[in-house]
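One structure is given here, and the rest of the page talks about it.
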Amino acid sequence: MQYETAGALGNGERIFITAKLPGYIKVGSDDYIEKYLFLTTSHDGSGSITAAFTPIRIVCQNTLSAALRNSSNTIKIRHTGNAEDRLKEAHKVMGISNKMADELDGLFNQWTKVRITDKDVMKLIQQAMAPSKEVLKSLKTGEELSTVFKNICDNAFMYAMASPTQQTETTKGTLFGAYNAITGYFQNVKEYKDDEAKVKSIIGGTGQLRTQAAFDLCLGYAKSGEEALTLN
């Protein structure tokens, strides 16, 4: 692993490190995704170390992490002074990273072959970005949506349609492009108070919740098409 960045969250009570893993996830012929681990821990040793697998699409520095339905993209590591236990924990981290990389490689390449209309892209964005069941209900019944919510969806849709990174062979008109549009909104469009707020949103906060919702919707769309966007 190659350690690239380190910093503190809050008032310094938690620290983080990003570590680049060897190799890439290759989507299509030339869309490369780097494999990273994002590790956080507390200074006082009271909490476990958290390691999260966070793939990043190189062309737009876009974090594409998501938990698969049968496995998480994070693992808790116990603080231990025993060398053998540490090796076991390290093997767990590398195991989950390799498994996630292999599964996302297959999924993302599959999604580049699934076509999606602009209308369905907007539906997917709206459902992924919905902050509550009430908003989902309004989407189903056609009730008026808040200006704030409409602006969020419009900005994400504009990114989906106009960003140069959305005009490539792997993203233009594809399900992979639709997923990347939502993750890209939180990475490259949304304005944050500061870098710390951005990190907290993308890793464990609102951004991660919304992109996980988008990931799950894309899984459904790949299986059953626009039917996956039908609100019950």
State which residue pairs qualify: first residue farther than 13 Å from Ile182 by Cβ and inside the range 105-130, second residue of a type in the set (A, V, I, L, M, F, W, C) and not in a helix (DSSP H, G or I) in any location, beta carbons under 8 Å apart, and separation of 6 or more residues or different chains. Asp105/Ile25; Asp105/Val27; Phe108/Ile25; Phe108/Val27; Phe108/Ile33; Phe108/Leu64; Asn109/Val27; Thr112/Val27
Pairs only if they're at least six apart or on different chains, beta carbon under 8 angstrom, first in the range 141-158 and over 19 Å from Ile182 (Cβ atoms), second among the hydrophobic types (A, V, I, L, M, F, W, C) and in a helix (DSSP H, G or I); list them, first residue then second. none
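Does the range 194-210 contain at least one residue that is within 30 Å of Leu9 (Cβ to Cβ), touching a Cys at 6+ places or on another chain (Cβ under 8 Å) and not assigned by TED's automatic domain parsing to the domain that holds Val59? Show your work before the answer.
From the range 194-210, those within 30 Å of Leu9 (Cβ to Cβ) are 194-210; that's our starting set.
After this cut, where a residue has to be touching a Cys at 6+ places or on another chain (Cβ under 8 Å) as well, the list is none.
Checking the range 194-210: not a single residue is within 30 Å of Leu9 (Cβ to Cβ), touching a Cys at 6+ places or on another chain (Cβ under 8 Å) and not assigned by TED's automatic domain parsing to the domain that holds Val59.
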Could you tell me which numbered condition Tyr192 fails, if it satisfies all but one of (1) under 14 Å from the mean Cα position of the chain (by Cα); (2) of a type in the set (Phe, Trp, Tyr); (3) surrounded by fewer than 20 Cβ atoms within 10 Å (Cβ to Cβ)? (1)
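Condition test on Leu231, is it touching a helix residue (DSSP H, G or I) at 6+ places or on another chain (Cβ under 8 Å) and either modelled with pLDDT of 95 or more or of a type in the set (Phe, Trp, Tyr) (or both)? Don't jump to the end; show me each part of the working.
Values: touching a helix residue (DSSP H, G or I) at 6+ places or on another chain (Cβ under 8 Å): yes; either modelled with pLDDT of 95 or more or of a type in the set (Phe, Trp, Tyr) (or both): no.
For Leu231, the condition - touching a helix residue (DSSP H, G or I) at 6+ places or on another chain (Cβ under 8 Å) and either modelled with pLDDT of 95 or more or of a type in the set (Phe, Trp, Tyr) (or both) - is not met.
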Verdict on Gly225 being part of a helix (DSSP H, G or I) and touching a helix residue (DSSP H, G or I) at 6+ places or on another chain (Cβ under 7 Å): no
Output the qualifying pairs, or none if there are none: Cβ atoms under 6 angstrom, residues six or more apart or on different chains, first residue in the range 159-179 and in the same structural domain as Val189 (by TED's automatic domain parsing), second residue part of a loop (DSSP other than H, G, I, E, B) and among the small types (Gly, Ala, Ser). Glu169/Gly28; Thr170/Gly28
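Quick check, is Lys150 at pLDDT 95 or above and not in a helix (DSSP H, G or I)? Talk me through it step by step, then tell me what you get.
On the way: at pLDDT 95 or above: yes; not in a helix (DSSP H, G or I): no.
So Lys150 fails the test.
The values are calculated or read from the model by the stated rules, or taken from the named source; none is laboratory data. Nothing here was measured: the structure is a model prediction, and the numbers come from that model. So basically every Cβ, Gly included, is an ideal-geometry build from the backbone, and we count neighbours across all protein chains shown.
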